[in-house]
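To keep things clear, I will list the structure first and then write my remarks on it.
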Amino acid sequence: MLDVQEFYPNYSESIVDKLSELQKLIWSIATEQQINLTELPKWGQLSIAAKNGTPIRIDKFSDNEIALFVHCQTNLLEKWRGLFSNKLTFSGNRGIILDINSPLPENELKMCIDMALNYHSL
């Protein structure tokens, strides 16, 4: 697992902490499902990929928000909006926006991350 602080050295501590929390959540879901992950930079963002999934990228969105991005040509955001429009905030057809001052909505994110990690198996 890459060190988020080293990957994003110019981000505030609160942004790095929330990105690290999200990264750990992604890894814990993959571990539970015995999915091997690869982390690498993609478009200047930390990309986390699984063989049968679509890559998940995590990054700062604004001074008080981070985002979990997926490829814009998947139908994941459409599905997630249908499931969680009243619980999650979305950006276009690419990502989920998360406030760094609020707890991660783990139940909803677990479902979204699971769907992304298994996208090509669905």
- Note on the structure: Residue set S28, S12; condition of a type in the set (S, T, Y), at pLDDT 95 or above and within 17 Å of L104 (Cα to Cα); output residue S28
- Note on the structure: Selection from region 3-30 of residues out of contact with any helix residue (DSSP H, G or I) (no Cβ under 8 Å at 6 or more places or on another chain) and outside any helix (DSSP H, G or I) yields D3, P9, N10, S12
- Could you say whether any residue in region 31-38 is aliphatic (A, V, I, L, M), part of a strand (DSSP E or B), in contact with a helix residue (DSSP H, G or I) (Cβ under 8 Å, 6 or more places away or on another chain) and at pLDDT 95 or above? yes
- Take the residues of region 78-105 that are under 12 Å from the mean Cα position of the chain (by Cα) and closer than 23 Å to N52 by Cβ: which is surrounded by the most Cβ atoms within 10 Å (Cβ to Cβ)? I96
- Filter region 45-67 for residues that are in a strand (DSSP E or B) and among the acidic types (D, E); the one that is nearest to the chain's Cα centre (by Cα) is D59
- Query: Between residues in region 71-97 that are under 16 Å from Y119 (Cβ atoms) and residues that are part of a loop (DSSP other than H, G, I, E, B) and of a type in the set (S, T, N, Q), which pairs lie under 6 Å by C-beta distance while being six or more apart or on different chains?
  - Reply: H71/T54; C72/N93; T74/T54; L77/N93
- Per the filter on region 25-49, residues surrounded by fewer than 13 Cβ atoms within 10 Å (Cβ to Cβ) and free of Cβ contacts under 8 Å to residues at least 60 places away in the same chain are T31, E32, Q34, N36, T38, L40, P41, W43, G44
- Message: I need the full set of residues from region 106-122 which are within 22 Å of K51 (Cβ to Cβ), outside any loop (DSSP other than H, G, I, E, B) and polar (S, T, N, Q), in order please.
- Response: S121
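The values are calculated or read from the model by the stated rules, or taken from the named source; none is laboratory data. Remember, it's a predicted structure, so these values are computed and weren't measured experimentally. Virtual Cβ from ideal backbone geometry, glycine too; neighbours counted across all protein chains shown.
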